[in-house]
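Some notes on the structure that comes next.
The values are calculated or read from the model by the stated rules, or taken from the named source; none is laboratory data. Every value quoted in this text rests on a predicted model; they were computed, and no experiment measured them. Please note: Cβ atoms are built from the backbone with ideal geometry, for glycine as well, and neighbour counts cover all protein chains shown.
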Ligand SMILES: [Zn+2]
């Protein structure tokens, strides 16, 4: 499921709120939050961010609430549209971004936003076994740690069968985890030789390992996936975001038109 339950408009409005807890972040971090949304917006045909005031939200609105909960928490709850909770009909995605979620780039923030938009980690794709091997479940510290790597089924989330035909596995996707987990955060065994993800033999010489798990920029593969799910719009309105960094954030991709 994508972020919105259904839509037929010329563009897909992603409602969001910025919580006051973000005011404790610095100007650079707030700039990266803006850049993450701006990158998702300017590189896609339909996605359009619209800021709403949480005090006036009523009726059947689904929105993303961006806030801070501790310095190290970078997290989105759930993938895509969440069913209305209670009588109000208002539903929301939460995106938590602490001060350490900005490794000098907008990438981690965009990663969490792509979760909210419905995208799982690249390494959980049902076809991933042809590209990478993942450590067995028994080697992970907890069930929840393993969940970040657990292979999903065809048809789950936004991953229809046609999705895979159109969108090949992308080692450099902003949604992929890195091959080296220097803190061994997920695994019981903290020896340096243990890895969560390994490349399949045939890709070892082809893939630039240091860019697997990168959080510098959306890839052309990420942009194609976003356009695949969110469609082909022609009349997207002018951005409401601060757009000074637009030209720097624009990704140039071969043979694709982005709006
Ligand atoms: Zn993630």
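The set of residues from the range 143-164 being within 16 Å of the ligand (Cβ to nearest atom) and in a loop (DSSP other than H, G, I, E, B) comprises 148, 149, 150, 151, 152, 156, 157, 158, 159. In the range 179-194 there is at least one residue matching the filter, namely being within 28 Å of residue 65 (Cβ to Cβ), surrounded by 11 or more Cβ atoms within 10 Å (Cβ to Cβ) and out of contact with any strand residue (DSSP E or B) (no Cβ under 8 Å at 6 or more places or on another chain).
Quick check on residue 151: is it modelled with pLDDT of 95 or more and over 30 Å from residue 48 (Cβ atoms)? Can you show your working first?
Numbers: modelled with pLDDT of 95 or more: yes; over 30 Å from residue 48 (Cβ atoms): yes.
Yes, satisfied.
Of everything in the range 110-136 that's assigned to a loop (DSSP other than H, G, I, E, B) and within 11 Å of the ligand (Cβ to nearest atom), which residue is farthest from residue 80 (Cα to Cα)?
Among them, the one singled out is 121.
Within the range 87-102, restricting attention to residues that are assigned to a strand (DSSP E or B) and at pLDDT 95 or above, the residue that is surrounded by the most Cβ atoms within 10 Å (Cβ to Cβ) is 97. Of note, residue 205 does not satisfy the criterion of being buried (at least 17 other Cβ atoms within 10 Å of the Cβ), at pLDDT 95 or above and not in a helix (DSSP H, G or I).
Quick check on residue 218: is it surrounded by 17 or more Cβ atoms within 10 Å (Cβ to Cβ), part of a loop (DSSP other than H, G, I, E, B) and either touching a residue at least 60 places away in the same chain (Cβ under 8 Å) or on the phi < 0 side of the Ramachandran plot (or both)? Spelling it out, residue 218 is indeed surrounded by 17 or more Cβ atoms within 10 Å (Cβ to Cβ), part of a loop (DSSP other than H, G, I, E, B) and either touching a residue at least 60 places away in the same chain (Cβ under 8 Å) or on the phi < 0 side of the Ramachandran plot (or both). Filtering the range 51-72 to residues that are exposed (fewer than 14 other Cβ atoms within 10 Å of the Cβ) and within 18 Å of the chain's Cα centre (by Cα) leaves only 72. In the range 114-128 there is at least one residue matching the filter, namely being at negative phi, free of Cβ contacts under 8 Å to residues at least 40 places away in the same chain and surrounded by fewer than 19 Cβ atoms within 10 Å (Cβ to Cβ).
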